[in-house]
Amino acid sequence: MITEKDIEKLFAKQLARIGNEGLRAKVVKAFVLASERGGWRSAEDLVKMPFTLLAETRGISFIEHTIAVTEGAAALGRAQAEAYAELPYAIDFDRLYAGGLLHDVGKLLEIEPDGRGGFRKSLAGKYSRHPVSGAILAAECGLPGDIINIIACHAKEGEGSPKVVETVLIHQADFATFDPLVMKQKGMLIE
């Protein structure tokens, strides 16, 4: 069983950057609930889980991807805040860190071990993709609408939808980590 302590250890640096203690606790709660519902038994299982089934991940795990997207989005936000003489919109870094950590939490319901050392799409994953299941989980855990917006709208499900600025930053960081792998797999990445 995956506990709050397990999640706090996996994402210690990013969770520490969420100043709002209640928000931080709900982020951890969402991961514990998703792990339970997805049948994940240990933190080691999460570390082994690939972040996608849509491309060869080259060993990049769900945990590594979550951290990279969260830190990448935060770096985009900091770069704008530091470079623009006057930032035309506010960036809420608590919201950005919480949303970055949770953007793919629904994948804990979407992906499962295949029993042969690999992974496959679960039945729940066949019913709905991770932005939908993750948004539902977040709502169940009492997370606010802005965080639900990030989870629900960070991928293609959010195309054309209104978004908080942190959703845009997380979307860009997410695809900056995904697209090069797809391009490499297709022989389109110039190296």
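Just so you know, all these numbers are worked out from the coordinates, no wet-lab data involved. Being a predicted model, the structure only gives us computed values, none of them experimental. Here Cβ is always computed from backbone atoms with ideal geometry, including for glycine, and neighbour counts include all displayed protein chains.
Kindly establish whether ARG58 is over 26 Å from GLU21 (Cβ atoms), out of contact with any Ser or Thr (no Cβ under 7 Å at 6 or more places or on another chain) and in a strand (DSSP E or B).
Numbers: over 26 Å from GLU21 (Cβ atoms): yes; out of contact with any Ser or Thr (no Cβ under 7 Å at 6 or more places or on another chain): yes; in a strand (DSSP E or B): no.
Answer is no for this residue.
Conditions (1) under 26 Å from SER42 (Cβ atoms); (2) among the charged types (D, E, K, R); (3) touching a helix residue (DSSP H, G or I) at 6+ places or on another chain (Cβ under 8 Å), marked per residue:
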residue	(1), (2), (3)
GLU82	no, yes, no
HIS103	yes, no, yes
GLY106	yes, no, yes
PRO131	yes, no, yes
GLU140	yes, yes, yes
ALA152	no, no, yes
LYS163	no, yes, yes
GLN172	no, no, yes
VAL182	no, no, no
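Residues in segment 124-149 that are closer than 16 Å to ARG24 by Cα and part of a loop (DSSP other than H, G, I, E, B): CYS141, GLY142, LEU143, PRO144.
Every condition in (1) over 30 Å from ASP114 (Cβ atoms); (2) touching a residue at least 24 places away in the same chain (Cβ under 8 Å); (3) hydrophobic (A, V, I, L, M, F, W, C) holds for ALA55 except the one numbered (1). Remark: pairs (first residue in segment 100-128, surrounded by fewer than 24 Cβ atoms within 10 Å (Cβ to Cβ); second residue in a loop (DSSP other than H, G, I, E, B) and hydrophobic (A, V, I, L, M, F, W, C); Cβ separation under 8 Å; 6+ apart in sequence or on different chains) = PHE119/MET49; PHE119/LEU53; ARG120/LEU53; LYS121/LEU53. Look at (1) of a type outside the set (Val, Ile, Thr); (2) closer than 17 Å to LEU102 by Cβ; (3) free of Cβ contacts under 8 Å to residues at least 12 places away in the same chain and you find that GLU44 fails only one, number (2).
Taking segment 1-48 as the range and being assigned to a loop (DSSP other than H, G, I, E, B) and surrounded by 21 or more Cβ atoms within 10 Å (Cβ to Cβ) as the test, the residues that pass are ILE2, PHE11, ILE18, TRP40. Test GLU166 against the stated conditions and say whether it is under 22 Å from LEU76 (Cβ atoms), of a type in the set (Asp, Glu) and buried (at least 17 other Cβ atoms within 10 Å of the Cβ). Spelling it out, GLU166 is indeed under 22 Å from LEU76 (Cβ atoms), of a type in the set (Asp, Glu) and buried (at least 17 other Cβ atoms within 10 Å of the Cβ).
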